[in-house]
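Working notes, structure below.
The values are calculated or read from the model by the stated rules, or taken from the named source; none is laboratory data. Owing to the predicted nature of the structure, the values given are computational and were not obtained by experimental measurement. For neighbour counting, all protein chains shown are included, and Cβ atoms are generated from backbone atoms with ideal geometry for every residue, glycine included.
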Amino acid sequence: MVGTAVDLYSGAFVARYGHKSESDAVPLSEPGIRGVVSADEKRIVRLLLIDDRGYSRLATEVAVAQQGVAHVFERASRCDAFLRGRSSWKADRPSTAMVLRDIHAVSIATLPDGLILRPVKRLACESGAVPLQAAAALAIASDPGITQPADEFAEFLRALPSAVRLFAAVDESGIPRATSGCVVFGEYARIFFVNTEPGWRRRGIGRAMTVEALRAAASSGARRAILDATDRGASVYLRLGFEDAGRLTRYARAA
């Protein structure tokens, strides 16, 4: 049974990485830490540090990990300091972990007049969709946290699993003004890529694009959702019924 917001986020985290990881991935569940660890020589780790009870296991896994990610809640301050002291682990900006217990309870929200929802083209066979490069450029212009060059970011989006769905709201000229995305893993969905061009904000577009992503996730069987919110977007998600699970920082180590 899902309990607190942190419990829901933790369950979704393990489901997310266990769903897409290598077949030999082993779930990890100990006090203060959750995740998935590969059992082969690659030593890929996907860790969620809930509090500092997970410090010892974190130190053990990091000592042998060749690549992976670690999401660290603010209350796990010792774990956070440990990763910050390792140059091979790079931190993203902090975000707010949010959870939605019932996707179907979200109220309908529609795009304002003049905007139309379209899928984003990630594969060559998709027709009538918004070019991936255009959607990537819009996201970069909207989110200062995206520091990759446009071509590199577009390739990152293209390389996401085929289950990922991306959307764009286009104006009458076909120019994208907002984006959103979702991916479903079991009963959970992750909502991401929610961006609105600065000049089009404060019109309810971010809310509508989030709802469109949630509807798409529900149509694929998801019942609950998680996301990592920027400071600017957090209030939008709270009004939709998401709960604040706490501040966290994502660390990554590339191979």
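Summary of computed values
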{"item": "Qualifying residue in segment 181-196 (condition: in contact with a Phe, Trp or Tyr (Cβ under 7 Å, 6 or more places away or on another chain) and among the hydroxyl-bearing types (Ser, Thr, Tyr))", "result": "no"}
{"item": "Extreme residue, nearest to Val164 (Cα to Cα), among residues of segment 109-132 that are free of Cβ contacts under 8 Å to residues at least 40 places away in the same chain and out of contact with any strand residue (DSSP E or B) (no Cβ under 9 Å at 6 or more places or on another chain)", "result": "Leu123"}
{"item": "Checklist (1) at pLDDT 95 or above; (2) surrounded by 16 or more Cβ atoms within 10 Å (Cβ to Cβ); (3) not aromatic (Phe, Trp, Tyr) applied to Glu187, failing item", "result": "(2)"}
{"item": "Thr96 polar (S, T, N, Q), touching a residue at least 12 places away in the same chain (Cβ under 8 Å), under 23 Å from Ile226 (Cα atoms) and outside any strand (DSSP E or B)", "result": "no"}
{"item": "Selection count, segment 48-80, where residues are in a loop (DSSP other than H, G, I, E, B) and either among the acidic types (Asp, Glu) or without any contact (Cβ under 8 Å) to a residue 60 or more places away in the chain (or both)", "result": "4"}
{"item": "Selection from segment 196-235 of residues that are surrounded by 15 or more Cβ atoms within 10 Å (Cβ to Cβ), among the hydroxyl-bearing types (Ser, Thr, Tyr) and either over 22 Å from Gly246 (Cβ atoms) or out of contact with any Leu (no Cβ under 9 Å at 6 or more places or on another chain) (or both)", "result": "Thr196, Thr230"}
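Residue-wise test of (1) part of a strand (DSSP E or B); (2) at pLDDT 90 or above; (3) buried (at least 20 other Cβ atoms within 10 Å of the Cβ); (4) not aromatic (Phe, Trp, Tyr).
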{"residue": "Phe13", "(1), (2), (3), (4)": "no, yes, yes, no"}
{"residue": "Ser29", "(1), (2), (3), (4)": "yes, yes, no, yes"}
{"residue": "Gly35", "(1), (2), (3), (4)": "yes, yes, yes, yes"}
{"residue": "Arg46", "(1), (2), (3), (4)": "yes, yes, yes, yes"}
